[in-house]
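Taking it in order: structure first as structure tokens, then the write-up.
The values are calculated or read from the model by the stated rules, or taken from the named source; none is laboratory data. If you're wondering where the values come from, they're calculated on a predicted model, not measured in any experiment. Neighbour counts run over all protein chains shown; Cβ positions are idealised from the backbone, glycine included.
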Amino acid sequence: MDYDWDDEDDRVRALGTVVEAERGSLPFALVHGEALVVAASWALGEAGVTLVDIGTEWAGLAEAGEPLVLHDALCPMTPADFLAACLARAVERDVVVVGTRPVTDTVKETGGGFVGATVDRAGLVAVTSPVVLPAGVVAQLDGLPSLDFVELVEDLRARFPVELADAPPSARRVTSEDDVRLLEALTSPER
């Protein structure tokens, strides 16, 4: 189904939060003059998601009967239309939807204190943002098992159907101030 995200009637109602806890001070670094956490919040709002605090009681979230969009503050430039598309997919298919990017780093096996063979990265992905929980999944959980998106997705995959969504390059996860500068250059309006 195609949605017109500018049409209020086409938007899927959902709650969402920007996860910045357990990420150090990096969510407060600036990208394009705004804190990463603020940029991520704007994207959720532009996607039509109603923002709630990460500390909201889980029972209240479940009682709302709406999907929950978790947006990582370290993926601040994830486009609103991608967030909205992931939300729509989660609702349409009644599955958890996870934004991912291809792994571009060299990955090696290790064992016995030695570095081994190179792992074929063709089948590897890096979890980015968002993680969208359909309302039925929210209702079955007692809370988030982890705020670390990789651990969260591993837990969810063991209990619920999960689909991966190919996130655009601007949705990349930053891990340092240098990454923030690269992301800023990638998403500069002059590009």
### Query
Restricted to the stretch 142-156, and to residues that are without any contact (Cβ under 8 Å) to a residue 60 or more places away in the chain and out of contact with any helix residue (DSSP H, G or I) (no Cβ under 7 Å at 6 or more places or on another chain), which residue is nearest to Arg101 (Cα to Cα)?
Val150
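Take the residues in the stretch 127-156 that are of a type in the set (A, V, I, L, M, F, W, C) and not in a helix (DSSP H, G or I), then tell me which one is nearest to the chain's Cα centre (by Cα).
Going residue by residue through the stretch 127-156, those that are of a type in the set (A, V, I, L, M, F, W, C) are 127, 131-133, 135, 137-139, 141, 144, 147, 149-150, 152-153, 156.
From what's left, not in a helix (DSSP H, G or I): 127, 131-133, 141, 144, 147.
Numbers: Val127: 8, Val131: 5, Val132: 8, Leu133: 11, Leu141: 18, Leu144: 14, Leu147: 11 Å.
Of everything passing the filter in the stretch 127-156, Val131 is nearest to the chain's Cα centre (by Cα).
For the stretch 39-67, enumerate the residues that are among the small types (Gly, Ala, Ser), surrounded by fewer than 16 Cβ atoms within 10 Å (Cβ to Cβ) and closer than 23 Å to Arg101 by Cα. Spell out how you get there, then give the answer.
Filtering the stretch 39-67 down to residues among the small types (Gly, Ala, Ser) leaves 39-41, 43, 45, 47-48, 55, 59-60, 62, 64-65.
Those left that are additionally surrounded by fewer than 16 Cβ atoms within 10 Å (Cβ to Cβ): 45, 55, 59-60, 65.
Passing the criteria: only Gly45.
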### Residue in the stretch 10-22 that is surrounded by fewer than 18 Cβ atoms within 10 Å (Cβ to Cβ), at pLDDT below 95, in contact with a strand residue (DSSP E or B) (Cβ under 9 Å, 6 or more places away or on another chain) and at negative phi present
yes
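Go through the stretch 165-191 and give me each residue that's basic (Lys, Arg), surrounded by 12 or more Cβ atoms within 10 Å (Cβ to Cβ) and either touching a residue at least 60 places away in the same chain (Cβ under 8 Å) or in a loop (DSSP other than H, G, I, E, B) (or both).
The first filter runs over the stretch 165-191 and keeps only residues basic (Lys, Arg), leaving 172-173, 181, 191.
Filter once more, keeping what is surrounded by 12 or more Cβ atoms within 10 Å (Cβ to Cβ): 172-173, 181.
Scanning the stretch 165-191 gives Arg172, Arg173.
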### Query
Within the stretch 68-77, is there a residue that is surrounded by fewer than 13 Cβ atoms within 10 Å (Cβ to Cβ) and under 25 Å from Arg172 (Cβ atoms)?
no
### Message
Just to verify a result, which residue in the stretch 47-56, among those that are over 15 Å from the mean Cα position of the chain (by Cα) and at pLDDT 95 or above, is nearest to Glu20 (Cα to Cα)?
### Response
Val52
